[in-house]
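Okay, structure first, notes after.
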Amino acid sequence: MASVLLGRHDMKPNANPLVLLPLTLLAVLPALLVAQAPTPAPTELPAVATTQLQRSLAESEKHSSHVWRDTPAVNEDGTVNAYVEIARGDHRKWEFAMGSNARAIDRVMPPEIGPYPVNYGFVPQTVSYDGDPFDALVLGPPIPGGHLVRGVIVGLMAMEDEKGWDAKVVLSVAGPQSGSPLRLTEADQQEIGSYFRRYKQGEPGKFSRVPGWGSIADGRAHVETTHAFFLQCRQLSGAACRLAQSAAQAAPPRADAVEPADRAAARLDANSMTAHKQLLEKARAGGIDVYFLGDSITRRWGATDYPALLANWRENFFGWNAGNFGWGGDRTQNILWRLEHGELDGVHPRVIVIQAGTNNVGAQPGGPAKVDDIGRGLKAIVDLCRQKAPRATIILTAIFPRNDNMAVMPEIDQVNTRLEALANGRDIRYLNVNAKLADTDGRLFEGMMHERDALHPTLRGYQVWADALKPVLTELLGPPARTDHAPPPTGDPSARP
């Protein structure tokens with residue numbers, strides 16, 4: 001079980017609570033729940049909850065690094081962080097204390113109620129309708145309390161108690177050693193629901209009801225809404241806080257929901273802002289001859305939180321002074337914003353390698369208008385790179401095949417045709433390795449992309465890209481030197497020990 005634990009948080013003073021290990025994105029799960037009506041997340045946080053939010057933030061201030069306040073709710077790969085307060089099978093009810101930044105025993109469950117049937121905790125950087133963090137139920141074997149785990153959403157348990165709406169997101173642990181995500185079965189629903197219907201029995205004035213179960217989308221909406229409460233309702237102590245937008249809109253904005261692909265848009269979540277600051281520092285350090293630009297496909301290759309991929313990066317590019325400026329989840333809009341805000345200023349690379357656009361494509365087809373939009377976004381990136389680094393040769397890498405939905409492959413091919421048209425064979429080159437990653441229909445060859453997401457390259461997939469890049473780099477820069485003066489690699493700030 002150690003392979004899925006992300007950090008111990010029954011901490012001594014000054015311990016760092018943000019110990020997160022890198023994990024891969026899991027493919028979207030099918031809804032395997034008992035049929036239920038949609039369970040929307042209420043968009044108003046009651047006054048009592050805003051008061052508790054203010055109190056929790058004040059109590060957390062004594063700690064420079066705080067589990068609830070500083071751990072991201074959602075990671076770049078779409079997984080959700082959960083702090084485990086109570087291990088499955090524990091008779092003790094532990095609760096997290098904001099002031100001590102650790103959990104403590106609240107009470108022992110009576111024998112007639114029994115032990116917890118599921119790992120129980122909360123999602124950081126959220127506040128629910130009672131003022132406490134949003135609850136999370138983590139399926140699977142017991143996870144020692146005081147640890148953070150990453151999980152994929154598999155459903156929602158609808159619940160009400162004497163304080164009001166008290167739903168809980170249901171997660172399955174995500175990780176290389178955890179296997180396929182666990183399904184939320186009807187037996188799970190019966191066991192867990194039965195426990196939470198009776199776990200307040202005998203407590204005067206208290207009750208609990210479990211009226212049903214929600215979908216993966218319901219779980220996601222509740223995480224997004226309670227995270228939006230955390231971000232937007234801090235200044236309203238003693239007053240109800242109504243979100244101005246729906247749950248999906250209230251979450252950190254996705255650029256293409258509001259902006260064309262060729263218009264810059266920021267990623268405003270704290271983790272992306274921290275990553276941007278790190279990349280600015282890397283740019284200012286200088287010494288970069290090959291500048292890699294893109295999203296998570298680019299980022300993971302040269303990132304400290306993917307050590308095997310970083311080793312492969314060094315094996316292939318050491319001596320060419322390569323710097324990695326990818327950031328996970330970015331769309332063309334976000335890349336444009338990062339370029340406009342200094343990440344290429346003063347770098348003067350000799351080569352710029354671009355691999356971008358797959359997050360604009362997404363997992364659902366959008367037709368000719370979407371293809372044209374993405375093409376304009378990629379052209380805008382090329383134009384801005386030429387403006388900021390006019391002497392650099394740009395290598396446009398074709399968007400890689402993705403098999404999370406084969407219906408988007410024709411659109412990827414159409415976008416790549418537009419990319420190829422931007423190249424002139426001199427200072428803008430086009431590089432397409434897709435024939436070595438997939439067959440003519442776009443079906444991936446075995447071992448080229450991670451099985452769980454059919455999107456991110458494996459070591460074999462990255463080596464295919466490297467093998468195509470190195471002859472071009474040799475042509476443009478000569479053979480790699482024996483030394484390398486590029487700045488040190490960076491990584492996902494939330495995964496940094």
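Bear in mind that the values in this text are calculations on the coordinates, not laboratory data. Keep in mind that what you see is a predicted model, and the values were worked out from it rather than measured. Every residue, glycine as well, gets a Cβ built from its backbone with ideal geometry; the counts of neighbours run over all protein chains shown.
Assuming 0.36 nm per residue, please report the length gained on full extension of the stretch Phe445 to Trp165 beyond their Cα-Cα distance.
Fully extending the segment from Phe445 to Trp165 adds 96.1 nm.
Counting only DSSP beta bridges with both residues in region 128-195, what percent are antiparallel, rounded to the nearest 5?
Roughly 60 percent of the beta bridges in region 128-195 run antiparallel, per DSSP.
How far is it, in nm, from the label point at Glu44 to the one at Ala308 when both lie 7 Å from their Cα along the line to the Cβ?
Inter-label distance under the simple model: 5.1 nm.
What list of ³J(HN,Hα) couplings, whole Hz, do you get for region 351-363 from phi and the Karplus terms 6.51, -1.76, 1.60, once you set θ to phi - 60° and write x for glycine and proline?
Taking θ as phi minus 60°, the curve returns 9, 10, 9, 10, 9, 8, x, 5, 6, 6, 4, x, 9 Hz for region 351-363.
In the chain, once you exclude exposed trypsin sites (Lys or Arg not before Pro) (DSSP loop, at most 16 other Cβ within 10 angstrom), what's the longest stretch remaining?
Longest run free of exposed loop sites: 264-390.
Between the helical axis of 270-285 and the dominant principal axis of the chain, each derived from Cα atoms, what acute angle in degrees is found, rounded to the nearest 10?
Roughly 30 degrees, rounded to the nearest 10.
Name all residues of region 50-85 having a backbone nitrogen under 19 Å from the label point set 7 Å from the Cα of Gln232 along its Cα→Cβ direction, giving them as ranges.
Under 19 Å, as judged by backbone N against the label point of Gln232, lie 50-54, 73-74 of region 50-85.
Under 17 Å between alpha carbons: how many lysine pairs meet that in the chain, if sequence neighbours fewer than 8 apart on the same chain are excluded?
Summing the qualifying lysine pairs gives 11.
Taking GluC sites (Glu not before Pro) as exposed when DSSP calls them loop (any state but H, G, I, E, B) and at most 12 other Cβ atoms lie within 10 Å, what is the longest stretch of the chain free of them, the sites themselves excluded?
Looking at the chain, 163-445 is the longest stretch - no exposed GluC sites (Glu not before Pro) with at most 12 other Cβ atoms within 10 Å.
Give me, ordered by chain and number, the residues 5 or more places off His450 or on other chains with an amide H under 5 Å from its own placed amide H.
HN-HN under 5 Å from His450: Leu455, His456, Thr458.
Nearest-5 percent of antiparallel DSSP beta bridges in the chain?
60
Starting from the amide H of Gly155, placed 1.01 Å from N in the peptide plane, find each other amide H under 5 Å away whose residue is 5 or more places distant or on another chain.
Val170
Could you state the angle between the C-alpha long axis of helix 307-317 and the longest principal axis of the C-alpha atoms of the chain, as a value from 0 to 90 degrees rounded to the nearest 10?
With rounding to tens, the tilt is 10 degrees.
For Arg183 and Arg92, what does the FRET efficiency come to when R0 = 30 Å and r is the distance between their Cβ atoms, rounded to the nearest 0.05?
Once rounded, the FRET efficiency stands at 0.60.
Just to be sure I understand the model, the point goes 7 Å from the Cα along the line to the Cβ. What's the resulting Ala481 to Arg209 distance in nm?
It works out to 7.2 nm between the two label points.
State the extension gain, in nm to one decimal, for the chain segment bounded by Leu459 and Arg242, taking 0.36 nm per residue of separation less the distance between their alpha-carbons.
Separation in residues times 0.36 nm, less the Cα-Cα distance, equals 73.5 nm.
Where does the longest stretch of the chain lie that holds no chymotrypsin sites (Phe, Trp or Tyr not before Pro) found in a DSSP loop with 15 or fewer other Cβ atoms within 10 Å?
It works out to 1-206.
Binning at 10 Å from 0, report for the chain what percent of all alpha-carbon pair distances ends up in each bin.
4, 19, 28, 24, 15, 8, 2, 0
Convert each backbone phi in region 233-238 into a coupling constant with the Karplus relation 6.51 cos²θ - 1.76 cosθ + 1.60 (shift: θ = phi - 60°), then list the ³J(HN,Hα) values in order as whole Hz, x for Gly and Pro.
Running phi through 6.51 cos²θ - 1.76 cosθ + 1.60 with θ = phi - 60° gives 10, 5, 9, 10, 4, x Hz.
With everything on Cα atoms, drop me the angle between helix 47-60 and the longest principal axis of the chain, reported from 0 to 90° to the nearest 10.
Orientation of helix 47-60: about 70 degrees from the principal axis.
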